[in-house]
1. When the helices in the chain are scored as -39500 (n - 2.57) per DSSP H run of 4 or longer and the sum is shared across all residues, what 222 nm value do you end up with, to the nearest 500 deg cm²/dmol?
2. What percent do you get for the relative contact order of the stretch 10-144 when only Cα pairs under 8 Å and 6+ apart count?
3. Quote the FRET efficiency, to the nearest 0.05, computed for His94 versus Gln146 with a Förster distance R0 of 30 Å and r equal to the Cβ-Cβ distance.
4. Once Lys and Arg get +1 and Asp and Glu get -1 on their Cβ, which of Trp139, Ala74, Pro154 lies farthest toward the positive end of the dipole of the stretch 4-158?
5. Can you compute the FRET efficiency between Tyr13 and Glu80 using 1/(1 + (r/R0)^6), with r the Cβ-Cβ distance and R0 = 22 Å? Round to the nearest 0.05.
6. Binned at 5 Å from 0, what are the whole-percent values of the Cα-Cα distance distribution for the stretch 100-162, short to long?
7. Enter the accessible area per residue of the chain (Å², integer; probe 1.4 Å; all protein chains in place).
8. Where the centroid of each part is defined by its Cα atoms, how far is the stretch 1-33 from the stretch 42-78 in Å?
Amino acid sequence: MRGAFIQTVSGRYLNVLDPQPDDIDIADIAHHLAHVCRFGGACRQFYSEAEHAVRMADMLPPRLKLAGLLYGAAKAYAGEVVRPDVQDSPPLQHRLTAAVEARFGLHLSGDDRAELAMADARLLATERRDLMPPDNIEWPILTGVQPLPERIWPMTIAQGLASFCAMYEQCRAWSSSAQIRLRQSAAR
């Protein structure tokens, strides 16, 4: 086996340097994200990437819920990359994100990506307020971004995993019913 392979919890192997959509599995994503802590573990208590993903999906309109749930799915395979600016994603993250988007049929416009980025920033502001050590240092990425009004009380790993799976099923159900409605309106 040549390349940069990782073995996932399901026993699959994925070449992170050349990820293929068929190698991406939602159960692996859910399990891995439930075990990856946001902020490289620097938050005051464990808060999973899976919970972050569910909160992202909750903030978005139905057409973007699945994209919000999978917005950080690359972290399931590459871990949490702690970096000074979210815009500085390494090429590895881009390749993994492209494979995830292809696997789940996500076709996002520039406006969709902007809406996802704004939801992510708003959630980041909320997470910073509720989960990080308090300080008075400005995070430039959060300039002008208001946190959500409700506080975050982190879930356990099991709760985060279950919530991620439930949200995925909701997204699939919405997508199926939307496709049926589109077919019905096209047949008229």
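The values are calculated or read from the model by the stated rules, or taken from the named source; none is laboratory data. As the structure is a prediction and not an experimental result, all values here were calculated from the model. Reconstructed Cβ throughout: ideal geometry from the backbone, glycine too, with neighbour counts over all protein chains shown. Protein only, heavy atoms only, side chains kept; ligands, DNA and RNA dropped before computing areas. Shrake-Rupley method; radii C 1.70, N 1.55, O 1.52, S 1.80 Å.
1. Working: 7 runs with 96 residues, N = 188.
The helix contribution divided over the chain gives -16500 deg cm²/dmol.
2. 28 percent.
3. Values: r = 29 Å, r/R0 = 0.96.
E between His94 and Gln146, to the nearest 0.05, is 0.55.
4. The one lying farthest along the dipole's positive direction is Pro154.
5. Values: r = 21 Å, r/R0 = 0.97.
After rounding to 0.05, the efficiency reads 0.55.
6. Reading the bins upward from 0: 4, 14, 17, 19, 17, 16, 11, 2, 0.
7. Numbers: 10370 Å² over 188 residues.
Spelled out: the 1.4 Å probe surface of the chain, per residue, equals 55 Å².
8. The stretch 1-33 and the stretch 42-78 have Cα centres separated by 18 Å.
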